[in-house]
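Notes follow once the structure below has been shown.
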Amino acid sequence: MNRSTLCIYVFLSLLASVLNGQNIFGNGNKRTKSRRQKNDQSFPQSPIMDLLMQTMAPNFVPRNPGDIFDILRDRYPLPSGLQSPFTEYDYIIVGAGSAGSVLAARLSEDPSVTVLVLEAGKPENMLTDIPAIAPFFQRTEYSWPYFMEPQQGVCRGMVNQRCYWPRGRAVGGTSVINYMIYTRGRPEEWDRIEAAGNYGWSYSDVLQYYMKSERANLVGIPNSPYHGTSGELNVETVPFRTPLIDTFLEAGRMLGYPTVDYNSPEQLGFGYLQATIHNGKRTSAAKAFLHKNKERPNLHILPMAVVSKVLINPMTRATYGVQYVRNRLQFEVRARREVILSAGPIASPQLLMLSGIGPKNQLSRHGIPLIQDLPVGQTLYDHITFPGIVFTLNVTNVSLIETRETTFSNVIQWIQYGDGPVTTTGAAEGIGYIKTPVSDDPDPIPDIELISIGGSIVSDGGSGGSKAVRRGMFIREDLFDATFGPVDATDTWTAFPMLLHPKSVGYLELKDNNPFSHPRMYGNYLTDPSDVATFIASIRFIQALTETEPFQKLGARIYPANYTTCPGLVFDTDEYWECALRTLTATLHHQISTCRMGPKTDPLAVVDPELRVYGVSRLRVVDSSVLPRTLSLHTNAPAIMIGEKAADMIKGTWD
């Protein structure tokens, strides 16, 4: 790394702290995993950004004067000196997210075809490389600020009692702002998808595509037959760990859950987090699949281009292009072969409906001419969590506390060696899959995923803390302070329970016919009583974990949070936990099924097993919205896999 690049990295890392009002030279501690310098000097919190920019690049004038990060962003100029895109391409891909990035890279491998990628967001910048500040990006220009429609009895502790659903708005999509967790789902779940009529989607089918993308470097898992080593997507274990992760794994073993590679098909268990990082830095889908291919003369990538409509001949129902808006001007571009929607589980169904494909009554209500009557948006599943189970510890310096970790020496350690606390993926350290006693599934399929945190929801607080996690969830500040104030920014531990297979089903519909309006999204969280029962069973399991000797050595005690939304309820009763759950109901950003895949006999199917939209030719949906049912996974890895598999299907169609 040359000196100027080093300076920029230092600047970016320090700026991430300054933006959140932190003292980057805060007092250190004696933990052996990280050295700190003691210094009482505070970093200026006001004109420092201007000062640093003038110091780093005194003659710099940004292309976009209102964008101070302009110099730091990746660039996607049209290749070969082109000043404007073509008017016609073989393939048009809408969205450069996890699936769209892969698809663009694979289709453009053939130099005889042309590929256009239209992305509504901007290219990522060097700040997004920093794993530890992932929560910060939930409320930035890199996120679509979606909100679920108000629902009585959930998200009661959130601002305006509405659940926040951020989705990635960037070249790289949600892989630019997520927590980088890499999971694939259980074999039985994929086999059930194929058994329902989705040919080619069994576990053995999808495994080869997972492995095709993967370049695994997993400490303790050498030469695994279930991991690829020559792909573009780096999957690695996080280089920095607190003592809490080994405590979590040891406690799991004591309760009968072995330490495993949780992405292998062999058994349920607990394991160290596997993440899409490389040398301690985020590996987004754009970085893995687009950046090194952006100079291909047949691949054109247009950031900040919002597609407003898919163009379909109403007589033949053949897709022939798209309309898009860029720099406040509207354009049309034609597709010789196919248009492929990879805009994600919210924008892809919205765009289908705006283009005349969707429920007949809904389109008629908004004055949209009907092309094809399909149940677009009528199925929506999501993974939700409850972040309010906090255990205090009587041992200091074993957990991550933001104000303690944000030091100059830690930033330098990350820059120079790619390790240290800055590499933690938003403090997530491990994954555990459990099957609670209330599960009625006869197969070895978990109903809860536990995400072991190297701290808890209070780790981002205290004087000078960014409070990025709680703000990223839109938790009301007054409620948070009243509930967790006494333990804010102290040594704690938690595991976030993720409800893997909710029985509650939501839906999505248009607000109006304006492509710049957000759709109306209904999560219907916790409307099925079995979902509440599963959550409570997971809380009892987490409590049992902390009663084991490994956690008791740390003095783990559950914090009796006093929720202002739950007056009069006795702490630790089932009624108390249900009220707490309904207060802090948080999404994990895994919406699926809004463009559900299924055979013709499936009345809820929008696309067929080759991801072609029913009743419309030359149009596919290729992203996580096609997943027909819930799976035990985070959706970034399967979206990339779907892009890999779809590329082969599309090539097969046009060979």
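Please name all residue pairs, on different chains or six or more residues apart, with Cβ atoms under 7 Å, provided the first residue is in the stretch 525-544 and is touching a residue at least 12 places away in the same chain (Cβ under 8 Å) and at positive phi and the second residue is among the basic types (Lys, Arg) and in a helix (DSSP H, G or I).
Leu526/Arg582
From the list Leu581, Leu569, Leu631, exactly one residue is assigned to a helix (DSSP H, G or I) and hydrophobic (A, V, I, L, M, F, W, C). Which is it?
The conditions single out Leu581.
Listed residues Asp602, Asp572, Asp655, Asp608; which is more than 18 Å from Val94 (Cβ to Cβ), over 25 Å from the mean Cα position of the chain (by Cα) and modelled with pLDDT under 95?
From the options Asp602, Asp572, Asp655, Asp608, the qualifying one is Asp655.
Identify, please: which residue in the stretch 561-592 is free of Cβ contacts under 8 Å to residues at least 24 places away in the same chain and not hydrophobic (A, V, I, L, M, F, W, C) and is, among those, surrounded by the most Cβ atoms within 10 Å (Cβ to Cβ)?
Among those residues, the one meeting the criterion is Tyr576.
Name, by its number, the condition in (1) closer than 23 Å to Ser538 by Cα; (2) without any contact (Cβ under 8 Å) to a residue 12 or more places away in the chain that does not hold for Asn263.
Among (1) closer than 23 Å to Ser538 by Cα; (2) without any contact (Cβ under 8 Å) to a residue 12 or more places away in the chain, Asn263 violates only (2).
Going by the structure shown, is Val438 more than 22 Å from the chain's Cα centre (by Cα), surrounded by fewer than 18 Cβ atoms within 10 Å (Cβ to Cβ), farther than 26 Å from Leu218 by Cα and touching a residue at least 40 places away in the same chain (Cβ under 8 Å)?
So Val438 passes the test.
What number of residues in the stretch 419-470 are in a loop (DSSP other than H, G, I, E, B) and either under 20 Å from Asp481 (Cβ atoms) or out of contact with any strand residue (DSSP E or B) (no Cβ under 7 Å at 6 or more places or on another chain) (or both)?
28
Which residues, counting only those in the stretch 157-174, are farther than 10 Å from Glu124 by Cα and assigned to a helix (DSSP H, G or I)?
Across the stretch 157-174, the qualifying residues are Val159, Asn160, Gln161, Thr174.
Of (1) surrounded by fewer than 21 Cβ atoms within 10 Å (Cβ to Cβ); (2) part of a strand (DSSP E or B), Pro375 satisfies all except one. Which?
Checking Pro375 against (1) surrounded by fewer than 21 Cβ atoms within 10 Å (Cβ to Cβ); (2) part of a strand (DSSP E or B), the one that fails is (2).
Within the stretch 290-310, restricting attention to residues that are of a type in the set (A, V, I, L, M, F, W, C) and under 24 Å from Ser112 (Cα atoms), which residue is surrounded by the most Cβ atoms within 10 Å (Cβ to Cβ)?
Ile301
When both residues are 6+ apart or on different chains and their Cβ atoms are under 7 Å apart, which pairs have a first residue that lies in the stretch 483-497 and is outside any helix (DSSP H, G or I), and a second that is small (Gly, Ala, Ser) and surrounded by fewer than 20 Cβ atoms within 10 Å (Cβ to Cβ)?
Listed by first residue and then by second, the contacts come to Asp488/Gly462; Ala489/Gly462.
Every residue, every condition in (1) of a type in the set (Lys, Arg); (2) more than 30 Å from Thr392 (Cα to Cα); (3) surrounded by fewer than 19 Cβ atoms within 10 Å (Cβ to Cβ), yes or no:
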{"site": "Tyr182", "(1), (2), (3)": "no, no, no"}
{"site": "Glu189", "(1), (2), (3)": "no, yes, no"}
{"site": "Ile193", "(1), (2), (3)": "no, yes, no"}
{"site": "Asn217", "(1), (2), (3)": "no, yes, yes"}
{"site": "Ser230", "(1), (2), (3)": "no, yes, yes"}
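Yes or no: Ala537 loosely packed, with under 15 Cβ neighbours inside 10 Å, at pLDDT 95 or above and assigned to a helix (DSSP H, G or I)?
No.
Please work out which residue is nearest to the chain's Cα centre (by Cα), limiting yourself to the stretch 212-266 and to residues that are outside any helix (DSSP H, G or I), under 27 Å from Ile401 (Cα atoms) and among the charged types (D, E, K, R).
Glu236
Has the stretch 431-443 got at least one residue that is touching a Ser or Thr at 6+ places or on another chain (Cβ under 8 Å), modelled with pLDDT of 95 or more and either acidic (Asp, Glu) or closer than 18 Å to Tyr559 by Cβ (or both)?
Checking the stretch 431-443: not a single residue is touching a Ser or Thr at 6+ places or on another chain (Cβ under 8 Å), modelled with pLDDT of 95 or more and either acidic (Asp, Glu) or closer than 18 Å to Tyr559 by Cβ (or both).
Any idea which residue in the stretch 336-362 is farthest from Gly643 (Cα to Cα), counting only those that are over 29 Å from the mean Cα position of the chain (by Cα) and touching a residue at least 60 places away in the same chain (Cβ under 8 Å)?
So the residue we want is Gln362.
Of the numbered conditions (1) under 29 Å from Tyr146 (Cβ atoms); (2) in contact with a Gly (Cβ under 7 Å, 6 or more places away or on another chain); (3) surrounded by fewer than 23 Cβ atoms within 10 Å (Cβ to Cβ), Val505 satisfies every one except a single condition; which is it?
(2) is the only condition that Val505 fails.
Any idea which of (1) acidic (Asp, Glu); (2) surrounded by fewer than 18 Cβ atoms within 10 Å (Cβ to Cβ); (3) within 28 Å of the chain's Cα centre (by Cα) is the one Glu332 doesn't satisfy?
Looking at each condition in turn, Glu332 falls short on (3).
Return only the number of the condition from (1) closer than 25 Å to Leu554 by Cβ; (2) in contact with a Ser or Thr (Cβ under 8 Å, 6 or more places away or on another chain) that Gly464 does not satisfy.
For Gly464, the failing item is (1).
Can you name the residue in the stretch 99-117 that is in a helix (DSSP H, G or I) and hydrophobic (A, V, I, L, M, F, W, C) and, of all such residues, is farthest from Ile640 (Cα to Cα)?
Across the stretch 99-117, the extreme among qualifying residues is Leu107.
Do we find a residue being at pLDDT 95 or above, farther than 14 Å from Ala586 by Cβ and part of a helix (DSSP H, G or I) anywhere in the stretch 510-526?
No; the residues of the stretch 510-526 include none that is at pLDDT 95 or above, farther than 14 Å from Ala586 by Cβ and part of a helix (DSSP H, G or I).
Could you check Thr546 against (1) crowded, with 17+ Cβ neighbours inside 10 Å; (2) farther than 25 Å from Tyr257 by Cβ; (3) not aliphatic (A, V, I, L, M) and say which number it fails?
(2)
The values are calculated or read from the model by the stated rules, or taken from the named source; none is laboratory data. What you are looking at is a predicted structure, and each value in this text was computed from that prediction instead of being measured. Positions of Cβ are generated from backbone atoms using ideal geometry, with glycine treated the same way; all protein chains shown enter the neighbour counts.
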